[in-house]
Amino acid sequence: MFAAAVSVAVAAGCGAPTTITGTGDATGQHLFAYASDRNQAAGQYDLYLWDQDVGGFHLMRGINSLSAERHPALSSDGRFVAFQSDRGGGTLDDIYVYDRSNASFVAVPGMNSADPEIEPRFSGDALKLAYVQGGAVKRIRLYNGQTKSLIPLPGLDTTGVSFSDTWPSPNQDASLIAFVSNRSGNPNVYVYSRTQQRLLDIPALASGSDEVEPSLSSDGRYLCFSSNRPGDKGGYDLYLYDFSDSTLSPLSAANTASDERAPSISNRGDVVLLQSNRPDGKGRWDLWIFDRLRGDNLPAQRAVERCGRHRTLLRWPY
């Protein structure tokens, strides 16, 4: 039982796919963060924070710079925004964490290095931040916002191998981390169990096509990703894996003959924020909301309310 995608035309002119994250914050507002090069040169991204309840943007004073800001991650209470940016210093991209409560940046000692750091994503409890570190060979890292230190990932932070792991997406406490790896040759989605210190065996995720941009629900039940595997509408389509019964299904009602990319799924798996270059948008990549449990007439406003309702009020870091 699937519903239709509901248009949210707030990202007209957005460039190539980049992370979208949605949440509800302490005041009950329902937000999502994304990067866009609207009204600027291609690739010159700034970060935007859209409030679906009021139908407008929130000012994030001092977060954007003359450099490109990309891949924003929004904490579960909407207070913190993590993102990547190359602001000089010879290390290429670093991770920055911005505190909306006082319009300032949070110190993250030990996170950034001489290598690039990219693609941050908060755990559902907002206490940890997963990200990617490395140049030609990339590895997933996990940062504890309370202790300001790295958390070991045995079996995932392997050295001496040439494949790369990217695009991490943790669950509520980062005991599970979905990610993309080219260890089998082409990009595929994998799930790492921090408790078991190994990759989970999920045959449905393995294919000869590309599986990219995973989003793991905070409760760990659903995994949404984009793939160009054949069998649905064409191009890159969205797929949903349900851990409760080990089934994989295309989100056919959300997919089109164009590309659907970079999903961000709600805790219960009912709402997905996504990007698409479908022709009925406003140009290039636009943002859309898909609700798979309600009817075609569900307003976009209520969809984002449902996306944010499950969130808990926590702070990162304490």
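Using all pairs of distinct alpha-carbon atoms, the Kirkwood hydrodynamic radius of segment 58-128 works out to 12.5 angstrom. Reducing segment 236-273 and segment 39-70 to their Cα centroids gives an inter-centroid distance of 26 Å. Segment 90-150 and segment 152-225 have Cα centres spaced 18 Å apart.
Pair-distance distribution P(r) for segment 210-282, from all Cα-Cα distances in 5 Å bins starting at 0: 3, 19, 30, 25, 15, 6, 2, 0 percent.
Protection proxy ranking of 247-257, 265-275, 136-146, 194-204, by the mean of other Cβ atoms within 10 Å over each peptide's residues and highest first, is 265-275, 136-146, 247-257, 194-204. Which of the listed residues, LEU205, GLY110, GLY135, is farthest toward the dipole's positive end in segment 79-236, when Lys, Arg count +1 and Asp, Glu count -1 at the beta-carbon? Of LEU205, GLY110, GLY135, it is GLY110.
Expressed in units of 2.2 N^0.38 Å, where N is the residue count, the Cα radius of gyration of segment 51-207 is 1.07. Along its first, second and third principal axes, ordered by size, segment 193-252 spans 37, 22, 19 Å in Cα coordinates.
Since every read-out is calculated from the coordinates, none of them should be taken as a lab result. These figures come from a predicted structure and were not determined experimentally. Please note: Cβ atoms are built from the backbone with ideal geometry, for glycine as well, and neighbour counts cover all protein chains shown.
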